[in-house]
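Let me begin by presenting the structure, written as C-alpha cells, before commenting on it.
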Amino acid sequence: MSTAQALHYVVVTTKPWNLSQYAARAPRWPGIWHLIEKPEDLTYEGLAAIAPRYVFFPHWSWKVSPEITRDFECVCFHMTDVPYGRGGSPLQNLIVRGHEKTVVSALRMTSEIDAGPVYMKSALSLDGSAQDIFERASATVFDMIESIATLNPQPSPQSGQPVIFKRRMPAESVLPQGGSLKSVYDHIRMLDAETYPKAFLTHGSFRIEFSRAARTRDGVEATVRIVLNEADKP
C-alpha cells in the first residue's frame, strides 16, 4: 500500500506505560499512526484533518465530546468484563471486591460511559502492584489495537445486567483502620503506580505514604515516605 493510500490511526493516551508501548510498536505497524498525549490536543478539527480509520483510547480518563464519538470510530479499553464494572477506577474496585483476575474489554465509545458494543476481550491477571498490572494491561491493550486495526472486527452489543463502579476519590487512599493484613496489602498495592496517589496515613503535620508492599509470614512490609501535608507546607 502506498503512503497516499495508507490508512491513518490515532492513539490518545497520557500514561507512561502506554507511551512506551506506542513508541515500541507503532513504527512497525502498517498505516500512518498519530499520537495525542494531552486532553487539550484532542479536537474534532484535528481528527477531521487526519481522517482516521480508528481512534484508540488506552487508559483515558477524560470525557470525549459526543461529536467525536459520533463521527469517528473511537475504541476505548476497560479493565472489566463489561457490563460488569462499568465506570471509574476499575482496577481498585476489582481488588477491593476480591477479584484476582479480570479481562480487558475493547469497546466502541458511545455517549453512555463503558456501554458501547465490544470488539474483543482478553484475560488479565490482577497479581502484583498497580504499576505491574497497568504495564501488563498496556501490553494486552496494544495487542488488541493491532488486532482491531488488522482485522476490522464488528463489535457486538453487551449483554447482561450492568454493574456500575464509582470512581474513587484521593481521600479514599487513606489506609483503612480495620480489616485484615491482606486488605492492607491490597490497599497499598492497588494504588502503587506512577501518577496515582499512594496509600497513606496522616500524623500531625505529616503524610506517611506506602508503596512496594510485600506479604510476609506474619505481616506486610512496605516502603514508607514521609512528607509534609499540603496545608503545612511553607
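The values are calculated or read from the model by the stated rules, or taken from the named source; none is laboratory data. Not measured: the values here are computed from a predicted model. A quick note on method: Cβ atoms are made from the backbone with ideal geometry, for glycine too, and the neighbour counts reach across all protein chains shown. The area values use the complete protein model at the heavy-atom level, side chains included, leaving out ligands, DNA and RNA. Shrake-Rupley method; radii C 1.70, N 1.55, O 1.52, S 1.80 Å.
Considering only residues in the range 1-13 that are at pLDDT 95 or above and of a type outside the set (A, V, I, L, M), the one that is most open to solvent (accessible area, probe 1.4 Å) turns out to be HIS8.
Assess whether LYS121 counts as being part of a strand (DSSP E or B) and open to solvent by 30 Å² or more (accessible area, probe 1.4 Å). Against the criterion (part of a strand (DSSP E or B) and open to solvent by 30 Å² or more (accessible area, probe 1.4 Å)), LYS121 qualifies. The residue that is farthest from ASP127 (Cα to Cα), counting only those in the range 161-193 that are touching a residue at least 24 places away in the same chain (Cβ under 8 Å), open to solvent by 70 Å² or more (accessible area, probe 1.4 Å) and part of a loop (DSSP other than H, G, I, E, B), is GLN161. Just one of the listed residues (ALA139, ALA130) is open to solvent by 20 Å² or more (accessible area, probe 1.4 Å), of a type in the set (A, V, I, L, M, F, W, C), under 16 Å from the mean Cα position of the chain (by Cα) and more than 30 Å from GLU45 (Cβ to Cβ), namely ALA139.
Hey, could you check the range 39-63 for residues that are in a loop (DSSP other than H, G, I, E, B), out of contact with any Leu (no Cβ under 6 Å at 6 or more places or on another chain) and modelled with pLDDT of 95 or more and say which is least open to solvent (accessible area, probe 1.4 Å)?
By that ranking, first place goes to PRO58.
Considering the range 194-234, and only residues there that are of a type in the set (Val, Ile, Thr) and open to solvent by 50 Å² or more (accessible area, probe 1.4 Å), the residue that is farthest from PRO176 (Cα to Cα) turns out to be THR195. Look at (1) more than 29 Å from ASP192 (Cβ to Cβ); (2) open to solvent by less than 10 Å² (accessible area, probe 1.4 Å); (3) of a type outside the set (Asp, Glu); (4) assigned to a loop (DSSP other than H, G, I, E, B) and you find that ILE148 fails only one, number (4).
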